[in-house]
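Here the structure is laid out as structure tokens; the discussion comes afterwards.
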């Protein structure tokens, strides 16, 4: 059962369960009434963001067969694990299929560590999302959040968080997406 039921210990279990159910009833509508802004099948937000290496870019300007956009924070431990995996998957799918698979990292807080940028290589496009434009348009809510877009800028898949099947799931999505294109 939930650990919340253990607090406060001096209350009988029946009262703790009643308090928990009241809390659940009061907070559930708040979460349920706020669907994600960006959903599968919708067009990608055409936001303009600052590149880490200078200048600005719009997502619509990026030529690709598939686009993987991930939200990252240097303070997020799951983000630290996700970036090398996603980079490896994007590189592998692009190499194996000959398709142009582009990876964009939107840094939501601060700047990425220079060592991380160097380690992941020059093929990643690092964008600074400090102005909240990207967060507002994509509505990631969870870090890391990965959005997969086709060449037509339609959202094909969304992955929030990272888990044991993350690599195979995202690779499958990308392979199915680029497999539909003629090389």
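Taken together, the values in this text are just the output of simple stated rules run on the coordinates, not laboratory data. Small disclaimer: the values here were computed from a predicted structure and weren't measured. Because the Cβ atoms are built from the backbone with ideal geometry, glycine has one as well, and the counts that use them run over all protein chains shown.
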Quote to one decimal, in nm, the extra length available between residue 109 and residue 167 on full extension: 0.36 nm per residue of separation minus the C-alpha distance between them. 18.4 nm
Give me the distance in nm between label points sitting 7 Å out from Cα along the Cα-to-Cβ direction at residue 37 and residue 80, one decimal. 2.9 nm
Kindly rank 137-149, 70-82 from highest to lowest mean number of other beta carbons found within 10 Å of each residue. 137-149, 70-82
Taking a ≥ b ≥ c as the square roots of the eigenvalues of the Cα gyration tensor of the stretch 48-179, is the shape rounded (a/c under 1.5), prolate (a/b larger than b/c) or oblate? rounded
With each pseudo-label sitting 7 Å past Cα toward Cβ, what's the residue 60-residue 100 distance in nm, one decimal? 1.7 nm
If packing is taken as the mean number of other Cβ atoms within 10 Å per residue, what is the order of 91-97, 54-60, highest first? 91-97, 54-60
Suppose R0 equals 35 Å. What FRET efficiency, 1/(1 + (r/R0)^6) with r the Cβ-Cβ distance, do residue 152 and residue 53 give to the nearest 0.05? 0.80
Residue-span extension gain [residue 141 to residue 123] - 0.36 nm each, minus C-alpha spacing: 3.9 nm
Could you check what % of the DSSP bridge pairs in the stretch 45-183 are antiparallel, to the nearest 5? 60 percent
